[in-house]
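Beneath this line is the structure, given in structure tokens, with notes to follow.
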Amino acid sequence: MTEREHEQLRVDLGAYVLGQLPAAETERLEEHLDDCASCTAELAELTPVAGALAALRGSPDRTAPDEPPADLGDRVAGAVGHAARDERRRGWARAAGVATVAAAVAVVAALGVQRLVAEDAPAVPTEAVGVVDRAPGVDATAALVAHTWGVEVKLHASGFAPGDRYRVAVLGTDGERYPAGEFVGTGAREMDCNLNSSVLRDRAAGFEVRDDTGRVVVTSTF
């Protein structure tokens with residue numbers, strides 16, 4: 001057996017542990033494994049990784065927004081199998097077996113984490129606040145989120161002059177103005193801004209938006 005043929009068999013290990021290697025090639029690889037200690041050792045390293053992939057694919061479905069399709073694991077495994085065979089034909093991927101299995105596990109694991117986060121993350125409570133528009137054409141609504149580090153103003157608006165810069169400040173109960181961020185106007189196009197201030201909720205009395213000239217264009221009282 002030439003070194004090139006040996007490398008091709010090593011590439012097949014990735015598809016083999018995923019159950020994606022055709023029967024004829026599986027038989028050839030298994031015959032080779034009977035006599036090759038290095039490939040047998042590499043197979044032993046790959047098998048636990050493939051087991052992790054199988055566990056992820058077989059885990060109970062969770063109900064979550066934008067849940068990945070049920071056959072995602074099979075599609076990933078199939079794509080990996082095809083990729084491994086392509087690599088074999090090109091003959092340059094020395095470590096394709098490990099790489100393909102690890103990549104498949106990473107993809108499915110990442111989606112699993114995304115599903116868990118989507119389901120388990122608690123909804124953030126928001127507080128509706130009144131908004132007064134003081135500039136012609138400006139239309140704004142807002143909600144407030146109380147955090148342990150301060151307050152967050154969620155501003156939804158349109159009508160701010162496109163390209164102009166606006167500054168937002170939270171008004172404290174002590175009469176001070178506390179910076180909460182800046183944004184650039186988008187004209188008639190609606191926009192959403194998340195603006196943060198270190199003022200705690202019980203010390204926040206409202207917020208205001210000023211243009212570059214210092215003119216107040218939006219105000220709100222909490």
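The values are calculated or read from the model by the stated rules, or taken from the named source; none is laboratory data. Being a predicted model, the structure only gives us computed values, none of them experimental. Here the Cβ positions follow ideal geometry from the backbone for every residue, glycine too, while neighbour counts run over all protein chains shown.
Cβ-Cβ distances below 7 Å connect the following pairs, each with a first residue in the range 14-33 that is closer than 14 Å to P48 by Cα, a second residue that is surrounded by fewer than 16 Cβ atoms within 10 Å (Cβ to Cβ) and among the β-branched types (V, I, T), and a separation of six or more residues or different chains: Y16/T26; V17/T47. Of all residues in the range 146-156, none are in a loop (DSSP other than H, G, I, E, B) and modelled with pLDDT of 95 or more. Entry remark, the range 135-163: residues being in contact (Cβ under 8 Å) with a residue 40 or more places away in the chain and either surrounded by 15 or more Cβ atoms within 10 Å (Cβ to Cβ) or not assigned by TED's automatic domain parsing to the domain that holds A204 (or both) number 15 in total. Evaluated against (1) assigned to a helix (DSSP H, G or I); (2) at pLDDT below 85; (3) touching a Leu at 6+ places or on another chain (Cβ under 6 Å), T40 falls short on exactly one condition, (2). Selection of first residues in the range 199-210 that are under 14 Å from E152 (Cβ atoms) and of second residues that are part of a helix (DSSP H, G or I), restricted to Cβ pairs under 6 Å at least 6 apart or on distinct chains, gives an empty result. Please indicate, with yes or no, whether at least one residue in the range 176-183 is more than 17 Å from K154 (Cβ to Cβ), assigned to a loop (DSSP other than H, G, I, E, B) and more than 26 Å from the chain's Cα centre (by Cα). The answer is yes, given that some residue of the range 176-183 is more than 17 Å from K154 (Cβ to Cβ), assigned to a loop (DSSP other than H, G, I, E, B) and more than 26 Å from the chain's Cα centre (by Cα).
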